[in-house]
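For reference, the structure is listed below as structure tokens.
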């Protein structure tokens, strides 16, 4: 009887090790999770809401994965709905939307170094530094929340009511810029107050472009993606550039959308719902996606695909960069400093773990199984 139980135990252990063979062991990390420069990317996984499954996955260059580095190191969940990760003052500040807190994480060991707990209603989203010691956090509750970015972190310093909900923020010329459906709001970083807010009304987001980050190029111009419309029909994808000093649009370039019935392979035939944007490390190329005509049918039986285009911020010229056949809705999008394309695939948007789809510049493809609802890819050592 004892031998049977022992054999059964060994079998379970062997099966468990086999199933987890693609993942690095969770503990210990004697030299830190990041090791010695062998990290390819970090992935922030939202996790299914109300399950405390927010996680940071670590993808190594040998294709192995640590699924939940924070849990492994701290022996507790990071929290519920991990919304964004931002490196500030040498620490990761992770906005935990449904937990109503900011988790401060050591970027080498992934140990928690502090927690900023909200003391009133709020749903933290994106974080940007506004000084050497402070940052502001966007929030679903039509507010900006001011926090400390040096220890002791404590509670939020201030909850600032604003006219509209803002998701993505950038800081330039000591001003905070936030895109809304009513225009681009501008606040003075040292006096964030809705009474003194300005609005640049000819640049704004919509339902299908609200997932696009604002980007700052090599010349300090702030870029936002919009749809060009004629009689309510989308006829092009437009990138507008704002001079933060003058607080006005100074550049505008449009990539036209062609005939949606065209059967010409490669023809731009539509826009992408919930598009994403990124910019290269030199601040020269802005990346985004469009719908193009494919040569082969996809899973729906349609000859359509997503394609990555990019725009040169100096010349305004558009360039076809990469085709993504078989890709449906993406939950996150990033282009690495080397020029590889990374997509976040949540599969059927349930509690199962998702994938990072890695499209290498040389045409090869790789997939990495990460946490639940992967939403952001972050490359250590580089942040726009």
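The values are calculated or read from the model by the stated rules, or taken from the named source; none is laboratory data. Computed from a predicted model, the values in this text were never measured in an experiment. With ideal geometry, Cβ positions are generated from the backbone for all residues, glycine too; neighbour counts draw on all protein chains shown.
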> All but one of (1) touching a residue at least 40 places away in the same chain (Cβ under 8 Å); (2) outside any loop (DSSP other than H, G, I, E, B); (3) over 24 Å from residue 220 (Cα atoms) hold for residue 92; which doesn't?
Replying inline: (1)
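What number of residues in region 129-149 are in a strand (DSSP E or B) and surrounded by fewer than 21 Cβ atoms within 10 Å (Cβ to Cβ)? Walk me through it before giving the result.
Step one: of region 129-149, the residues in a strand (DSSP E or B) are 129, 134-139, 143-148.
Next, only the ones that are surrounded by fewer than 21 Cβ atoms within 10 Å (Cβ to Cβ) stay: 129, 134, 146, 148.
Residues that pass the stated criteria total 4.
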> Taking into account only those residues within region 55-67 that are surrounded by fewer than 24 Cβ atoms within 10 Å (Cβ to Cβ) and touching a residue at least 40 places away in the same chain (Cβ under 8 Å), which is farthest from residue 103 (Cα to Cα)?
Replying inline: 63
> How many residues are modelled with pLDDT of 95 or more, within 18 Å of residue 168 (Cβ to Cβ) and part of a loop (DSSP other than H, G, I, E, B) when one looks only at region 244-274?
Replying inline: 2
>> Regarding region 143-156, can at least one residue be identified that is within 23 Å of the chain's Cα centre (by Cα) and within 21 Å of residue 375 (Cα to Cα)?
In response: no
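Of everything in region 27-65, what is out of contact with any strand residue (DSSP E or B) (no Cβ under 7 Å at 6 or more places or on another chain) and modelled with pLDDT under 90? Give them in sequence order.
27, 28, 29, 30, 31, 32, 34, 35, 36, 37, 62
Can we say residue 177 is touching a helix residue (DSSP H, G or I) at 6+ places or on another chain (Cβ under 8 Å) and in a strand (DSSP E or B)?
no
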